[in-house]
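To start, the structure itself, in structure tokens.
The values are calculated or read from the model by the stated rules, or taken from the named source; none is laboratory data. As the structure is a prediction and not an experimental result, all values here were calculated from the model. FYI the Cβ positions are ideal-geometry reconstructions off the backbone, even for glycines, and counts take in every protein chain you see.
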Amino acid sequence: MEKTNMANEDPAILTKALESLLVEKGLVTSGRIDEIVKSYEEDIGPMRGAQVVAKAWVDPEYKARLLVDGRSAIAEFGFTDPHGAELVVTENTDDVHNMVVCTLCSCYPWAVLGLPPAWYKSFAYRSRAVSEPRTVLKEFGLELPESTEVRVLDSNSDIRYMVLPKRPAGTDGMSEEELAGIVTRDSMIGVGEAVCP
Amino acid sequence: MDGVHDMGGMHGFGPIERDELSYHDEWEARVHGISNAMAAPGGGRFSLESLDPAEYLGSSYYTRWLLARINTLLAAGTITQQEFDAAVAKYRANPDSEFPSDDETAYKEAQEAVRERRKKAGDPTFPPGSGSGSSERSLEAKLGVGDQVVAKTIHPDGHTRLPRYVRGRAGEVIRIYRPQGFQDDEPLSDHSGPQPMYAVRFDGKELWGDQAEANSSVVLDMWESYLT
């Protein structure tokens, strides 16, 4: 049998070969893989984080719990990380603007934001976010005054980070549900802000 | 290891292309599912970093996951080269070839074995949700908020979570986290014992000198043994 040349093989075929052997050996089941794929398609995504942010905006006690212990606070919604990872939520203010990156791999708060978009995993974002955060934010359309510290959170351990964006002005009359609708994924990564419609 | 994966501050990757997709093909979702469901060690971060540098830079995100996983499973003997080659040939000849059926009993046993191994290794995040347990709280943090620290200068050839750009740089402890399992030099991704963990803020100027952007900083998670 010819040794597989992985670089030239269709990854779809390699994946099928890998899954079939692992299933055969009882190290995985296709049923479990189906469940995981489905859960990220249907249940786990940035709408979770948006619910958490909206609640923090309207409920100061919840916000306090969220900032002290993110993992416990999101568990109140039934959201948990598949690996039990710690979740740290950092609040954006006029003084400090937080943004999240993972320079070593692509760590991302799956439990509240789902799977990361391709740009978050790109070499350009991973390399540049720490050394030129203001330039990166500008590319995302966000210009911040020099009086605001731009603080980059490099997720180098198993702790996951989510940003609590500033509640935009003019949203006083909005319900929690309506507020959740204006929280964007980018604002929870910290490359954008929530905007009043 | 000082590999190409350690990208913080590197130049030359150009502007950020705003590709919003998480997956570009169906097999990528399968690879993600396999990686999360698989009850066998291998394919973790160290295997990703151990890919040939040109291969790492030349492959898509999920291709790297796929190759790293196959490489480690082959190296560990969990899958033999021969059976892998045979499976590839089979699905290349006919992608709709017969697929083995799930063995729930064997899978449960394999998951139990993984749990046991991680428990033995002292992984504080296992089982999931146990990270706030009382035993690890007793691990006393030697440093306090406001303490000035310096990240160690190290160049291990094994796995480390201490990025190059911060080694030897001075920062300040801004928060103390719950202890976290130490991960360095753990090729099979089992955690060794937990250590106190700190959020350390490094000023942009300390990291990037005159090239630093105005009023910028980076916060990293620092296991206690990373700091002096």
- Task: Please work out which residue is farthest from the other protein chains (Cβ to nearest Cβ), limiting yourself to the stretch A:125-142 and to residues that are under 17 Å from the mean Cα position of the chain (by Cα) and not aliphatic (A, V, I, L, M).
- Result: A:Phe140
- Item | Residue count, the stretch B:75-94 (criterion: hydrophobic (A, V, I, L, M, F, W, C), facing another protein chain (nearest Cβ under 9 Å) and in a helix (DSSP H, G or I)) | 5
- Message: Where the second residue is among the acidic types (Asp, Glu) and outside any helix (DSSP H, G or I) and the first is closer than 26 Å to A:Val152 by Cβ and lies in the stretch A:169-197, which pairs have Cβ atoms under 8 Å and are six or more apart or on separate chains?
- Response: A:Ser187/A:Glu193
- Message: Which of the helices (runs of 4 or more DSSP H) found entirely inside the stretch B:23-66 contain at least 2 residues meeting this: of a type in the set (A, V, I, L, M, F, W, C) and over 15 Å from the mean Cα position of the chain (by Cα)?
- Response: B:26-37, B:53-58
- Task: Run down A:Val89, A:Val100 and say which single residue is in a strand (DSSP E or B), within 16 Å of the chain's Cα centre (by Cα) and within 11 Å of chain B (Cβ to nearest Cβ).
- Result: A:Val100
- Taking the stretch B:1-24, which residues are within 8 Å of chain A (Cβ to nearest Cβ) and either β-branched (Val, Ile, Thr) or in contact (Cβ under 8 Å) with a residue 12 or more places away in the chain (or both)? B:His5, B:Asp6, B:Gly8, B:Gly9, B:Ile16, B:Tyr23, B:His24
- Query: Across the stretch B:207-228, what is the number of residues that are surrounded by fewer than 20 Cβ atoms within 10 Å (Cβ to Cβ) and part of a helix (DSSP H, G or I)?
  - Reply: 6
- Note on the structure: The residue that is farthest from the other protein chains (Cβ to nearest Cβ), considering only those in the stretch B:25-55 that are among the small types (Gly, Ala, Ser) and within 10 Å of B:Trp65 (Cα to Cα), is B:Ser47
- Restricting to the stretch A:64-92, what's the tally of residues that are of a type in the set (Ser, Thr, Tyr) and either touching a residue at least 24 places away in the same chain (Cβ under 8 Å) or under 20 Å from A:Ser187 (Cα atoms) (or both)? 2
- Item | Some residue of the stretch A:138-149 being in contact with a Pro (Cβ under 8 Å, 6 or more places away or on another chain) and within 18 Å of B:Asn215 (Cβ to Cβ) | no
- Message: Among the residues that make up the stretch B:114-121, is at least one of them basic (Lys, Arg), within 10 Å of chain A (Cβ to nearest Cβ) and surrounded by 14 or more Cβ atoms within 10 Å (Cβ to Cβ)?
- Response: no
- Message: Suppose the filter is modelled with pLDDT of 95 or more and either in a helix (DSSP H, G or I) or not hydrophobic (A, V, I, L, M, F, W, C) (or both); does B:Ser97 pass it?
- Response: no
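Let's see how each residue does on (1) at pLDDT 95 or above; (2) not hydroxyl-bearing (Ser, Thr, Tyr):
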{"residue": "A:Thr4", "(1), (2)": "no, no"}
{"residue": "A:Lys25", "(1), (2)": "yes, yes"}
{"residue": "A:Gly31", "(1), (2)": "yes, yes"}
{"residue": "A:Glu42", "(1), (2)": "no, yes"}
{"residue": "A:Met47", "(1), (2)": "yes, yes"}
{"residue": "A:Trp57", "(1), (2)": "yes, yes"}
{"residue": "A:Pro60", "(1), (2)": "yes, yes"}
{"residue": "A:Gly70", "(1), (2)": "yes, yes"}
{"residue": "A:Asp81", "(1), (2)": "no, yes"}
- Matching residues in the stretch A:153-170 - criterion: being over 15 Å from A:Gly192 (Cβ atoms) and either within 10 Å of another protein chain (Cβ to nearest Cβ) or touching an Asp or Glu at 6+ places or on another chain (Cβ under 8 Å) (or both): A:Leu153, A:Asp154, A:Ser155, A:Asn156, A:Ser157, A:Asp158, A:Ile159, A:Arg160, A:Tyr161
- Query: Taking the condition farther than 21 Å from A:Val68 by Cα, assigned by TED's automatic domain parsing to the domain that holds A:Ala64, part of a helix (DSSP H, G or I) and in contact with a Phe, Trp or Tyr (Cβ under 6 Å, 6 or more places away or on another chain), does A:Ser131 pass?
  - Reply: no
- Query: Here are some residues: B:Thr105, B:Thr72. Which one is over 23 Å from the mean Cα position of the chain (by Cα), more than 7 Å from chain A (Cβ to nearest Cβ) and either in contact (Cβ under 8 Å) with a residue 12 or more places away in the chain or part of a helix (DSSP H, G or I) (or both)?
  - Reply: B:Thr105
